[in-house]
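In what follows, a structure is listed as structure tokens, so that the remarks can point back to it.
The values are calculated or read from the model by the stated rules, or taken from the named source; none is laboratory data. From a predicted model like this one, the values you see are computed outputs, not experimental measurements. Glycine gets a Cβ as well: all are built from the backbone with ideal geometry, and neighbour counts include every protein chain shown.
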Amino acid sequence: MWRVNLSVNSWLVIYFWFCVLVFCIPSDVSSESLLFPKNCSLSDCVECNKGSFSNISSEGCSCCDSPGFCLPTFCTSCPAGTFQPAARQTRCETCSPGNFSVEGSSECERCPMGSFANATGSLTCTPCEEGTFCNKTGSTGCNVCKKCHPGTYSNSTNTTNCASCELGTYQNTSGATECLACNAGEYCNKTMCTECSTCPAGYYTENTKSCKMCSAGTHNPIPGNKKCSTCGPGFEARTLGQASCTGCSEGYYKGDNTTALCTPCQPGSHGSVKNSTNCESCRPGSYQDKTSQKECQLCPQGLTCNMTSCKQCSPCPAGEQAKGTGNVNCTVCAIGYFKESIGTELCKVCRSGWYNKQYKSTSCKECPRRYFCPCPQCDPQPCPPRDICPAGSSRAKTCDAPWYIAQRDDCVMSEEFIALIAGCSAVVIIALIAGSVSLYYSRRSRQYQGIPTEDSAPLVRTRSGPIYSGL
């Protein structure tokens, strides 16, 4: 019996071709055609690249002695849904869920955001439905696509993120494909609103995107109103965003809707009540020099106003006066009174010895010499014969006869009175001289007789008793 000496590599080749012949070759393929294909030369075999494989059932690959080699152009591309990352391979791998591939791929691609693949060997990915989104790659099923949250929406497939509801719109459910517009009187001033808000009282909506405060002079008492209303006569809305109007204060008025706010009463008028539609004019005898006052002032003493709507009172002219307050007209100075110039002073009585005999006098007259005026309104009276009346006399001055006599405008001593005074003075002087002489001689006589006098008596008397002195 003979033996054949073969190497290990030779036995491996024999074993490989045995398996191919027994298990892999179809029945309609003859062993001759497999072992000896037409135009097959082992030197022409090339390795199959990534993304392809060697199909040993084809003539262009079965003639090559190594797996994963084929004659040029006989390597088969991996079909879509499969991949082959290595060269010299005899088959392709199937893509797992969440991935896909096209023909001839060396690796599978992950499904992009907004799509998914829930089976193996996927050729493409399925887009997420409207109202859902998927913000990651490689998703494997519909449950991975999430519904849009309230306040957002998606109106297209293959969405990676939901869009926010715009200003003035809202969406309160999940998985929405659109946002809803806010109703009239409602608004949403931000994105992603899940509900609209009602404009409060004092506000209004021009559109559904925002609420605006009612302007000064208007108000809106009802929430959700689309406009504000003008305050009626006697009422105002002084600040923005008022739900109601307030009445005009005292000193203010609002007559119609042409003005937004209450108007202050002007000088010469006043507003004594609230909610006024007009101001009242100051009555004669009163005035008002300021705005927004609730009452007029009486004209002070010395001033008058003889018409309505006085802003100032006027002083009385010379020769006239206005006593007390609230005078409409001036009154003339009475007889015996005067007022020199225009002003607030009252008429003055003529001073003593002066007079006037006319109304509305601006001065008084001095009573003339040789006359006297007993009262300011009296006519000058003639001075009595033995009396004196210098100019400006209010009464006659009588000289005391016979001692005084009238001489021009004064009483002077009479000659008799002067002689009497001189005689009396002489008698007094003589008596004084006589008394002095008599006293002198009396003292001289006493001295001769040894009788002490006051002039010769010692000034200090000596004591006869003991004298004690202290420490």
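What the table below lists for this structure:
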item	result
Every residue from region 293-314 that is over 23 Å from Ser276 (Cβ atoms) and among the hydrophobic types (A, V, I, L, M, F, W, C)	Cys299, Leu303, Cys313
Complete set of residues in region 250-290 that are touching a residue at least 40 places away in the same chain (Cβ under 8 Å) and either of a type in the set (Gly, Ala, Ser) or over 29 Å from Pro200 (Cα atoms) (or both)	Glu250, Gly251, Tyr252, Ala260, Pro267, Gly268, Ser269, Ser276, Thr277, Pro284, Gly285, Ser286
Tally, over region 213-258, of residues that are in a loop (DSSP other than H, G, I, E, B), under 20 Å from the mean Cα position of the chain (by Cα) and not small (Gly, Ala, Ser)	6
Any pair with Cβ under 6 angstrom, 6 or more apart, that starts in region 111-124 at a residue that is at positive phi and ends at one that is assigned to a loop (DSSP other than H, G, I, E, B) and not hydrophobic (A, V, I, L, M, F, W, C)	Gly114/Asn158; Gly114/Thr159; Gly114/Thr160; Gly121/Gly81
Failed criterion for Leu180 (all others in (1) surrounded by fewer than 18 Cβ atoms within 10 Å (Cβ to Cβ); (2) at pLDDT below 90 hold)	(2)
Test for Cys313: is it modelled with pLDDT of 95 or more and of a type outside the set (Ser, Thr, Tyr)	yes
Lys190 being modelled with pLDDT under 90, under 30 Å from Thr157 (Cβ atoms) and surrounded by fewer than 19 Cβ atoms within 10 Å (Cβ to Cβ)	yes
Count of region 94-113 residues which are surrounded by fewer than 18 Cβ atoms within 10 Å (Cβ to Cβ) and either closer than 15 Å to Cys48 by Cα or acidic (Asp, Glu) (or both)	4
Condition check for Asp379: in a loop (DSSP other than H, G, I, E, B), in contact with a Lys or Arg (Cβ under 8 Å, 6 or more places away or on another chain) and either crowded, with 17+ Cβ neighbours inside 10 Å or at pLDDT below 95 (or both)	yes
Per-region count, region 203-240, residues at pLDDT below 90 and on the phi > 0 side of the Ramachandran plot	2
Any pair with Cβ under 8 angstrom, 6 or more apart, that starts in region 385-397 at a residue that is outside any loop (DSSP other than H, G, I, E, B) and ends at one that is of a type in the set (A, V, I, L, M, F, W, C) and modelled with pLDDT under 85	Asp387/Cys399; Asp387/Ala406; Ile388/Cys399; Ile388/Ala406; Ile388/Cys411; Lys397/Cys411
Residue count, region 314-350 (criterion: more than 21 Å from Arg283 (Cβ to Cβ), without any contact (Cβ under 8 Å) to a residue 24 or more places away in the chain and not in a strand (DSSP E or B))	3
Residue in region 310-317 that is buried (at least 19 other Cβ atoms within 10 Å of the Cβ), of a type outside the set (Phe, Trp, Tyr) and on the phi > 0 side of the Ramachandran plot present	no
Positions within region 185-205 being assigned to a loop (DSSP other than H, G, I, E, B) and either touching a helix residue (DSSP H, G or I) at 6+ places or on another chain (Cβ under 7 Å) or more than 24 Å from Cys245 (Cα to Cα) (or both), in sequence order	Cys188, Asn189, Lys190, Thr191, Met192, Cys193, Thr194, Glu195, Cys196
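Quick grid of which residues meet (1) among the small types (Gly, Ala, Ser); (2) assigned to a loop (DSSP other than H, G, I, E, B); (3) out of contact with any Ser or Thr (no Cβ under 9 Å at 6 or more places or on another chain):
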position	(1), (2), (3)
Gly60	yes, no, no
Asp65	no, yes, yes
Pro72	no, yes, yes
Pro85	no, yes, no
Pro97	no, yes, no
Thr140	no, yes, no
